[in-house]
Amino acid sequence: MSSSSKVHVVCFLFLLFLTNSKIATKPIATSKFSIFSETKILTKFITLHYQFKKLTAEEIRQRKFLKRGLFLNILVLGQTGTGKATFINTLCDEDIVATNRAAPSELNIEQHTAKIYEGGTQINLDITMIPGFGDFIDNKRATGVVIKHIETQFDNMLDEECKIQRSKKSRDSRIHAALYFIRPTG
C-alpha cells in the first residue's frame with residue numbers, strides 16, 4: 001500500500017469517525033456550515049499527519065551528515081611565490097596561512113585547518129601545504145616526499161578500516177583534491 005493510499009484510508013476513517021461523533025452533528029451556525037467545520041478539522045488532521053511523518057533512514061543520515069559537516073582534505077603544492085597561501089586565505093575568507101614568506105631551504109609538509117560555512121553546511125577543510133615544491137635544481141626527492149605522504153594517509157585509513165572495533169572519532173585524512181600551482185611565465 002503506497003503512502004498516498006494510506007493517507008486516503010486514514011482520511012476516510014477520520015471522516016467516518018466525524019460522521020458518527022458529536023462534532024459532525026453539531027453545526028457552527030446552521031446546517032449548511034457543518035461541512036466546512038468537518039473540512040477544517042480534516043485539514044488540520046492531514047497537516048499534523050504530514051508534520052509528524054516518519055523519516056526514512058536516508059533522510060536521517062542526510063540530516064546527521066549536514067549537522068556534522070563535510071570533511072575535505074586538499075593538497076596544495078607549487079613553487080614559491082605562485083599564490084598558494086593567498087589562494088587558501090581567499091578561499092577561507094580569513095588569514096590561515098602566512099603570505100610573503102621566504103623560500104624554504106628544504107621541503108616541509110605543513111598542516112592547516114579551517115571551517116567554512118556555505119549555505120548552512122559546515123565544511124571542515126584540512127589543508128596540506130608543501131611550499132617550495134619544484135624550487136630546487138634536483139626535484140626527484142620532492143616528488144618522493146609527496147608520494148610518501150599520500151601513501152601514508154592511505155595506509156592509516158586502511159589500518160583503521162581493518163580494525164575489528166573501529167574508532168567512531170577517526171577521520172579520513174586521505175587527500176581528496178590536489179592543487180598544483182605553476183608560474184605564469186612557464
Volume in Å³ per residue [convex hull over Cα atoms, computed for the range 63-181]: 108
Here, trypsin sites (Lys or Arg not before Pro) of the range 156-186 satisfying both criteria (DSSP loop; at most 11 other Cβ within 10 Å) are K163, R166, K168, K169
Using amide H atoms built 1.01 Å from N in the peptide plane, name the residues 5+ places from L179, or on other chains, whose amide H lies under 5 Å from its own. L75, V76, L77
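Bear in mind these aren't lab numbers, they're just calculated from the coordinates by the rules spelled out. Small disclaimer: the values here were computed from a predicted structure and weren't measured. Cβ sites come from the backbone with ideal geometry, for glycine too, and all protein chains shown count toward neighbours.
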